[in-house]
Amino acid sequence: MLQVFSMPCGFLEFNSKLFFPNLEKGELFTIPVPSYLLTHPKGNVVFDTGVHCQAIDDPVGRLGEIAKLFVSRTKPGEEIMTQLKNFKLTPNDISYVINSHFHFDHCGGNEFFPSSTILVQKNEMGAARDPELRKKVGFDPKDFDHKLNYREVDGEYDIFGDGALVLFPTHGHTPGHQSLRVRVGKETVVLTGDACYTKINMDQDLLPSVFSDKDEMYRSLGKLRDLRDKQGATIIYGHDPQQWKEIPHAPEPLA
Ligand SMILES: [Zn+2]
């Protein structure tokens, strides 16, 4: 049976101005770094792999300069491998890993999935291969450049061909960002990734300060808002501390 589980893969403390640049003065707030397990009858799927476990003890050593922007509030056990272990699963049980994009808090655990097929948009992989561009958009090869089975998808992609799990492009935060539409019974759940950090960003049509293409990110945000407001989809925002408190987490299903 297809179920969706939200798994905490750590927490980071940021200045809220990074999320809401319209604030006069930001304050420190702690955001969740989620990963999701989707149990499709034809195979298990993981959406995003969180921050690499080395960053729990040594954020600067693992992540470099970017670690100066936040304080890690992640505890041991809050990373993808332990989360899967709680389900009695190992990476060998995961058919597909989806990377919404290649930022450190979404693909840090990729290296632990050598036998899974990793689904990433063609534009994202293109940016990752270009040394100048990847630096500009904040990708670190340590996170994704391993001997892994990447499959590049271009635009919409129906993972099992039955309409249950459909990737769709939401470029703009990064060159090849993608989100996932999940059909569970009559319900549609959308995992936005960083195409929309929080409900506030969607309600106020407010971009965060991190994007690779402003116009494209506005278009993607609009597309996600239409799914919510015109089609009744449940939106799971990328890093929303308020929503995180309200939704169920593993072992309880989200949908
Ligand atoms: Zn991101």
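Just so you know, all these numbers are worked out from the coordinates, no wet-lab data involved. Not measured: the values here are computed from a predicted model. We place every Cβ from the backbone using ideal geometry, glycine too, and count neighbours over all the protein chains shown.
Take V182, V153, V46 and order them by how many other Cβ atoms sit within 10 Å, fewest up front.
Fewest-to-most ranking of V182, V153, V46: V153, V182, V46.
Using only DSSP helix segments of four residues or longer, with each worth -39500 (n - 2.57), what per-residue ellipticity at 222 nm results for the chain after dividing by its residue count and rounding to 500? That calculation yields -6000 deg cm²/dmol at 222 nm.
Which of F87, F113, F47 comes first, and how do the rest follow, when ranked by fewest Cβ neighbours within 10 Å?
Fewest-to-most Cβ neighbours within 10 Å comes out as F87, F113, F47.
Counting other Cβ atoms within 10 Å as a rough exposure proxy, the listed residues I236, I98, I200 run I200, I236, I98 from fewest neighbours to most.
List residues of region 79-103, by number, whose backbone nitrogen lies under 13 Å from a label position 7 Å along Cα→C-beta of S115. Only 89-96 fall inside the zone, counting backbone N under 13 Å. For region 135-203 versus region 1-53, the spacing of their alpha-carbon centroids is 13 Å. If you take the alpha carbon atoms of the chain and fit the smallest convex hull around them, that volume is 118 Å³ per residue. For D158, the shell of other residues with beta-carbons less than 15 Å away shows a net charge of +1, using +1 for Lys and Arg and -1 for Asp and Glu.
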